[in-house]
Structures are given as structure tokens and as C-alpha cells.
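The values are calculated or read from the model by the stated rules, or taken from the named source; none is laboratory data. Just so you know, these numbers come straight off a predicted model, no measurement behind them. Here the Cβ positions follow ideal geometry from the backbone for every residue, glycine too, while neighbour counts run over all protein chains shown. With ligands, DNA and RNA removed, areas are computed over all heavy atoms of the protein, side chains included. Shrake-Rupley method; radii C 1.70, N 1.55, O 1.52, S 1.80 Å.
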Amino acid sequence: MSQDKPKAYVNTIGCQMNVYDSQILAGLLQNAGYEQTHDPDLADLVLCNTCAIRHKAQEKAYSFLGRFAGTRIKGDRPLTIMAGCVAQKEKEKAFIRLPHLDLVLGTQAFGRFETHLNALAAGETRIVDTGPSENIFEGFPKDAPINPLPGKQVSRFVTIMQGCENFCTYCVVPYVRGKEKSRDPFAIVEEIKGLAASGVREITLLGQNVNSYAGNNGKVCFADLLHLVSRVDGIERIRFATSHPKDLSQDLIQAMKDIGKVCNHLHLPVQSGSDEVLKRMNRKYDRDTYFTRISALRQACPDIALSTDIIVGFPGESVSDFQQTMNLLETVEFDAVFAFSYSARSFTPAAKFSDQLDEQTKRDRLNELLDFQEKITEKKNKAFVGKKVTVLVEGDSPKPRDGFVKKNKNTRQMFGRSDANKIVHFATDKAAIGDLVTLEIINAYPHSLWGEVCESD
Ligand code: SF4
């Protein structure tokens, strides 16, 4: 029977929120009678959930969808759908480069996706829906299957809010995702209960700015939500992203300290170490405030692992501004840094700043920063050698590492993630995906660790 079903291919570009949104869209496709395929060339419907945060990500979406313009050797071209942030930003303009597109589905239109699928089935084409929605969370898991996309099953994302009102001058998100809207806390908990019942053990709560979550008409703050989620049986670990430094409250720090299930890791994007650049970015905090937040965190959770985002080469960034960012990295010693060179985005104020830096300067600074951080990350990883960490096993390691010895025919190399978000590889003949395994760290690499299973495990 199932081979008669039409096939859908979903391609996701961008952040964790897009991964989650793709699960929603894939669930709605499943409701509409499609089954998934891993091969876009076999698909009757191709959907690309797009990202507008950087020019490169937008171009990737155009190039992927451009592949489906012609008629295939084996039959008609598939229905082709552009969804998400680029769709929201481009609207009808998407047809200029992709005249074969059948549907342009904006970030608030997911609740109307099934209606549009029906219209496409009835022969309509070139539909554009980038309109607003009364209930942006319509179509979320109460309507769609919760497990439609293949992939990691022990650790899953759950979106708790959409949109952003911070208007950082480089960022397109407020223009494509709209105002902040918090999802109903009880719907979130119900979804997580369902995931726990299906074997999920780790949850990452997602939003552009989770610290400002205000559910149930502002009565439930993010710290309250963490407490609610921590009471779900079967969920062992809770992570969240992304946090804005200006909204990192003492209540949240206290909740991170008090709730054992909340992982000992925080991603706190600083973007720049220069007060002048932070001001021009409209980040609403300065370098000292950032340091104060980090001290409060480290006081409450002494071994907390920290990661951050940096934008290198923001318009007007001087050599001295850049050195202040390097100095901030040296002072904080992050476990991981996600650094990008500035990319001008349409709609954003920074795109119109007159003092744009040339590409070579941006590249040179980015490389210098990444080299510098790599040494810090390696040093932080080496500090784990000799320590015991507990990992949540996620799967088989993609390739054998030094230290892997096959003791018997059942020995395999697996990997898990520590609560400090470190990837640890280890050899085992007993562990299974979803187990919590305690390991002694034997070796450290720039991006991962090697551990041995502790005897008692
Ligand atoms: S906080 Fe700033 S960078 Fe983050 S999504 Fe909002 S506007 Fe963009």
C-alpha cells in the first residue's frame, strides 16, 4: 500500500528552530497522505524550509529549489515549495528567480499549509501566503505527528516561542518572524510528555530569545517553564537556546542551579567585545554587563560550560574594536565559539551603514579569531582528562578514533553528549542509544573527547 503514496522530500536550511519547523511541516505532509523520501529525485513534492540570516543561506535555498525547474526524465517535475524565512522575506519576488515555484509559505502560514496543499492538488499554482496568523502555533504537534522526520530520537527540539522584538541592527529575524509570541506552557508540557513516552530523554527548548518567554499571558516566565518541564517523567536533560544577555535574570540563573535536569551549559551570544560595536548593533548591553552576567552564572554553577556567537567585521569595526573582542574571548574562555563574518541583509539598518568593511579584512579577522579560539577550546577540553562525565548516548560514531580497540565481536564505537555539551566517543559492547553512561575521560581533541566506560556502569 505504502508504495502508492506520493513522496515528499523536506530540506532544512538554518537553525534548530527550522529543524523543528520542518518536523511540523513533515507531519502536516504526512497528514495529507505523503510519505517521506530521502531522495529528492524520487519526490512528488519538494519543500525547502529556508533561512534568511545570511546571504549564503538564502542562495543555498534558491540553488536547491532551482534544481526542480525542468521536467525530469522519469516524469513531471515535483510540486516545489519554498517555506520559512526566505519565503517570508521574498514573497512574490521569489518567482523572479524561481518561476516554477508552486507555493511560497511564510513563517506564520503553517496553520494554512494543508489548505494550500489541497489547492495545489486541485491544480492551483503559484500560491503566496506570507500573511499573519492569529495563532502562530496552529499546526504544532496537537495536529501533526510529533515524530515525522528521521534523525536523532533521544534528543529533540521543542519550540516554545516565535519571533523577536530586539531589532539588532544586523538581523533580519524581527522582519521575517514577527513579534515575540510565547506558546502555551501546557501545550509545551503535553508535547514533551508525548516525546518522553516515545523514548526521548533530552529536550532543547527553542526560541529566538527564550529568556523573555512569557506564557499564559505573562504569568509563566522561562524559569517557571523550566520547573514545569523538569517534572515530566522520562526527560533526563533539559537544554535551551537562544538566550539574550540582557534578559538573563537572576531567577533564571537560580533555576539553572536548582534544577538538576537543566544541563550545565549555556549558549550566550555576545557578538562583539567592543562597547562601540555593541551599541551600533543595538544589543542593549555593554561588555561590563556581559562580564557581570558571566560572573553571576559561574558563581551559581561553577563548572558551567559556555558558548557564544561572534560577528566579525561589523560595519565600522576598528582594529581596536576587534582586539577588544579577542580580549573578551581570552577573559571568558568559552568552551565553543560560533563566529561568522558580517553579512549585510536587506531590511536591516546595518546594511545601510556607510562604513562597511572589505571582504578580505573580514576574512582575515575571522581566521585570526578562530585560530585563537581553537587553542582555548582545546585547553578547555584537556581539562576534562582524568574526570568522570555522564553522557547521553546518541549513536554510533561516524569513524573510529585513536583509542578504539575491538575487544569482542560486539564492541562498537559510540558517542554521547555530556551535560556540558561535549561530544565523547567511547568503545562499548553494552551501551544502547538513550542510555546514560559514565565515562572517564582519557583523551581530548579539538572538538571532542575520548572516554572509557567506568567499571560500575
Ligand atoms: S535578539 Fe537580535 S540577533 Fe537575536 S533574533 Fe532578535 S534581532 Fe536577531
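Per the Cα gyration tensor, segment 9-130 maps to an equivalent ellipsoid with semi-axes of 19, 17, 15 Å, ordered largest to smallest. Counting only DSSP beta bridges whose two residues both lie in the chain, roughly 40 percent are antiparallel. Rounded to the nearest 500, the 222 nm mean residue ellipticity of the chain from helices alone is -9500 deg cm²/dmol, with -39,500 (n - 2.57) taken per DSSP H run of at least 4 residues. You can think of it this way: the chain between residue 326 and residue 134 has 64.7 nm of extra reach, that is 0.36 nm per residue less the Cα-Cα gap. Residue-wise HN-Hα couplings along segment 363-374, as the Karplus relation 6.51 cos²θ - 1.76 cosθ + 1.60 with θ = phi - 60° gives them from phi, are 4, 4, 5, 4, 4, 4, 5, 5, 4, 4, 5, 4 Hz; Gly and Pro carry x.
Taking 0.36 nm per residue of separation and subtracting the Cα-Cα distance, what length does fully extending residue 35 through residue 198 add?
Working: separation 163, 0.36 × 163 = 58.68 nm, distance 2.01 nm.
Length gained, residue 35 through residue 198: 56.7 nm.
The calculated pair-distance distribution of the chain uses every alpha carbon pair, bins of 10 angstrom beginning at 0, and gives 4, 19, 27, 28, 18, 5, 0 percent. When the C-alpha to C-alpha distance is required to be over 31 Å, the pairs from 56/279; 60/406; 56/179 that qualify are 60/406.
Dipole size in debye (nearest 20) for the chain around its Cα centre, Lys and Arg Cβ +1, Asp and Glu Cβ -1? Intermediate values should be presented prior to the final figure.
Details: 58 positive and 58 negative charges, 76 e Å.
Dipole about the Cα centre, nearest 20: 360 debye.
Computed from the alpha carbon atoms alone, the convex hull of segment 359-457 holds 112 Å³ per residue.
Peptides 255-261, 296-302: what's the order by average Cβ count within 10 Å, highest mean first? It would help to have the intermediate numbers written out before the result.
Working: 255-261: 16.4, 296-302: 14.3.
So the order, starting with the most tightly packed, is 255-261, 296-302.
For the chain, 15, 48, 51, 85, 164, 221, 263, 301, 454 stand unpaired, since no other cysteine beta carbon lies under 4.7 Å from theirs.
With the full set of protein chains in place, find how many percent of the accessible area of the chain is carbon and sulfur; take the probe as 1.4 Å.
Working: 10220 of 20260 Å².
For the chain, the apolar C and S fraction of the accessible surface comes to 50 percent.
Annotation: Cα Rg of segment 281-406 relative to the compact-globule expectation 2.2 N^0.38 Å equals 1.33.
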